[in-house]
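The values are calculated or read from the model by the stated rules, or taken from the named source; none is laboratory data. Not measured: the values here are computed from a predicted model. Virtual Cβ from ideal backbone geometry, glycine too; neighbours counted across all protein chains shown. Only protein heavy atoms, including side chains, enter the accessible area calculation; ligands, DNA and RNA are left aside. Shrake-Rupley method; radii C 1.70, N 1.55, O 1.52, S 1.80 Å.
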Amino acid sequence: MTDNIADAVEAELIALSGVLTEPEERECLRCFLLRMLNEFGCDGTHRWTVRWRDLLAPRADGLPARLAELGGCCDCEVLLNVFPQYPRGAGLLPCAGQPQEGSAVPCDLHVLRRTA
Ligand SMILES: [Zn+2]
Ligand SMILES: [Zn+2]
(Lines give C-alpha, C1' and ligand atoms only; values in the text may rest on other atoms or scores of the structure.)
(Ligands and ions follow the chains in the order given, each with its own letter.)
Protein backbone atom coordinates (compact mmCIF):
# COMPACT_ATOMS: atom_id res chain seq x y z
CA MET A 1 0.00 0.00 0.00
CA THR A 2 1.18 3.47 -0.78
CA ASP A 3 0.05 6.96 0.03
CA ASN A 4 1.92 8.37 -2.91
CA ILE A 5 -0.54 10.56 -4.79
CA ALA A 6 1.04 9.96 -8.18
CA ASP A 7 0.69 6.20 -7.75
CA ALA A 8 -2.91 6.58 -6.66
CA VAL A 9 -3.73 8.75 -9.66
CA GLU A 10 -2.00 6.35 -11.97
CA ALA A 11 -3.94 3.41 -10.55
CA GLU A 12 -7.14 5.37 -11.05
CA LEU A 13 -6.26 6.13 -14.67
CA ILE A 14 -5.51 2.49 -15.36
CA ALA A 15 -8.81 1.57 -13.73
CA LEU A 16 -10.68 4.06 -15.87
CA SER A 17 -8.93 3.09 -19.06
CA GLY A 18 -10.71 -0.23 -18.92
CA VAL A 19 -7.83 -2.27 -20.26
CA LEU A 20 -7.12 -4.18 -17.07
CA THR A 21 -10.62 -4.07 -15.73
CA GLU A 22 -12.46 -6.29 -18.15
CA PRO A 23 -13.87 -9.44 -16.64
CA GLU A 24 -12.50 -12.48 -18.38
CA GLU A 25 -14.82 -14.66 -20.37
CA ARG A 26 -17.26 -16.28 -17.91
CA GLU A 27 -15.29 -14.97 -14.93
CA CYS A 28 -17.61 -15.06 -11.96
CA LEU A 29 -18.48 -11.94 -9.99
CA ARG A 30 -16.55 -13.06 -6.91
CA CYS A 31 -13.29 -13.74 -8.75
CA PHE A 32 -13.61 -10.49 -10.69
CA LEU A 33 -14.19 -8.48 -7.50
CA LEU A 34 -11.23 -10.16 -5.82
CA ARG A 35 -9.00 -9.24 -8.71
CA MET A 36 -10.21 -5.66 -8.97
CA LEU A 37 -10.16 -4.93 -5.23
CA ASN A 38 -6.70 -6.43 -5.02
CA GLU A 39 -5.50 -4.03 -7.71
CA PHE A 40 -7.60 -0.93 -7.26
CA GLY A 41 -9.44 -1.19 -3.95
CA CYS A 42 -12.98 -0.34 -3.02
CA ASP A 43 -14.31 3.20 -3.32
CA GLY A 44 -17.38 2.50 -1.21
CA THR A 45 -19.65 1.86 -4.17
CA HIS A 46 -20.58 -1.06 -6.41
CA ARG A 47 -18.41 0.21 -9.23
CA TRP A 48 -16.80 -3.19 -9.98
CA THR A 49 -20.03 -5.07 -9.45
CA VAL A 50 -21.73 -2.76 -11.93
CA ARG A 51 -18.87 -3.11 -14.40
CA TRP A 52 -19.08 -6.90 -14.22
CA ARG A 53 -22.88 -6.75 -14.49
CA ASP A 54 -22.80 -4.50 -17.55
CA LEU A 55 -20.42 -6.84 -19.37
CA LEU A 56 -21.41 -10.31 -18.22
CA ALA A 57 -24.93 -10.11 -16.81
CA PRO A 58 -26.54 -7.13 -18.56
CA ARG A 59 -30.05 -8.23 -17.68
CA ALA A 60 -29.38 -8.34 -13.93
CA ASP A 61 -30.63 -4.82 -13.26
CA GLY A 62 -31.36 -5.44 -9.61
CA LEU A 63 -28.05 -7.08 -8.79
CA PRO A 64 -26.44 -4.27 -6.74
CA ALA A 65 -29.65 -3.84 -4.72
CA ARG A 66 -29.88 -7.58 -4.14
CA LEU A 67 -26.29 -7.74 -2.96
CA ALA A 68 -26.87 -4.77 -0.66
CA GLU A 69 -29.76 -6.65 0.93
CA LEU A 70 -27.36 -9.48 1.68
CA GLY A 71 -24.97 -7.08 3.42
CA GLY A 72 -22.88 -6.13 0.42
CA CYS A 73 -23.32 -2.38 0.34
CA CYS A 74 -20.11 -1.87 -1.64
CA ASP A 75 -17.69 -4.10 -3.56
CA CYS A 76 -15.53 -5.13 -0.59
CA GLU A 77 -18.62 -5.86 1.53
CA VAL A 78 -19.95 -8.08 -1.23
CA LEU A 79 -16.82 -10.19 -0.87
CA LEU A 80 -16.94 -10.14 2.93
CA ASN A 81 -20.63 -10.73 3.45
CA VAL A 82 -22.02 -12.32 0.30
CA PHE A 83 -19.10 -14.50 -0.88
CA PRO A 84 -17.21 -15.27 2.35
CA GLN A 85 -16.18 -18.77 1.28
CA TYR A 86 -12.83 -18.61 -0.42
CA PRO A 87 -9.98 -21.09 -0.05
CA ARG A 88 -7.59 -19.51 2.43
CA GLY A 89 -3.90 -19.07 2.01
CA ALA A 90 -3.96 -19.85 -1.68
CA GLY A 91 -3.64 -16.29 -2.97
CA LEU A 92 -5.75 -15.51 -6.00
CA LEU A 93 -6.96 -18.60 -7.80
CA PRO A 94 -7.97 -18.65 -11.44
CA CYS A 95 -11.71 -18.48 -11.82
CA ALA A 96 -13.37 -21.83 -12.47
CA GLY A 97 -16.01 -20.09 -14.59
CA GLN A 98 -19.54 -18.85 -14.00
CA PRO A 99 -21.77 -21.86 -13.25
CA GLN A 100 -24.43 -20.22 -15.41
CA GLU A 101 -24.11 -17.47 -17.93
CA GLY A 102 -25.48 -14.20 -16.57
CA SER A 103 -25.58 -15.56 -13.03
CA ALA A 104 -23.84 -13.95 -10.06
CA VAL A 105 -23.39 -17.33 -8.37
CA PRO A 106 -19.67 -17.75 -7.78
CA CYS A 107 -17.64 -20.50 -9.40
CA ASP A 108 -16.86 -23.62 -7.41
CA LEU A 109 -13.20 -23.36 -6.48
CA HIS A 110 -13.46 -26.34 -4.15
CA VAL A 111 -14.07 -28.61 -7.11
CA LEU A 112 -11.10 -27.02 -8.76
CA ARG A 113 -8.87 -27.66 -5.78
CA ARG A 114 -10.03 -31.22 -5.20
CA THR A 115 -9.15 -32.22 -8.72
CA ALA A 116 -5.90 -30.21 -8.79
ZN1 LIG B 1 -16.09 -1.29 0.34
ZN1 LIG C 1 -14.70 -17.55 -10.07
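Some notes on this structure:
- Within segment 43-58, considering residues that are under 11 Å from the mean Cα position of the chain (by Cα) and open to solvent by less than 50 Å² (accessible area, probe 1.4 Å), the one nearest to Ala6 (Cα to Cα): Trp48
- Gly71 meets all of the listed conditions (1) over 15 Å from the mean Cα position of the chain (by Cα); (2) more than 16 Å from ligand 1 (Cβ to nearest atom) but one, namely (2).
- Pairs with Cβ under 9 Å, 6+ apart, first in segment 86-102 and open to solvent by 80 Å² or more (accessible area, probe 1.4 Å) and among the polar types (S, T, N, Q), second outside any loop (DSSP other than H, G, I, E, B) and away from ligand 1 (no atom under 16 Å from the Cβ): none
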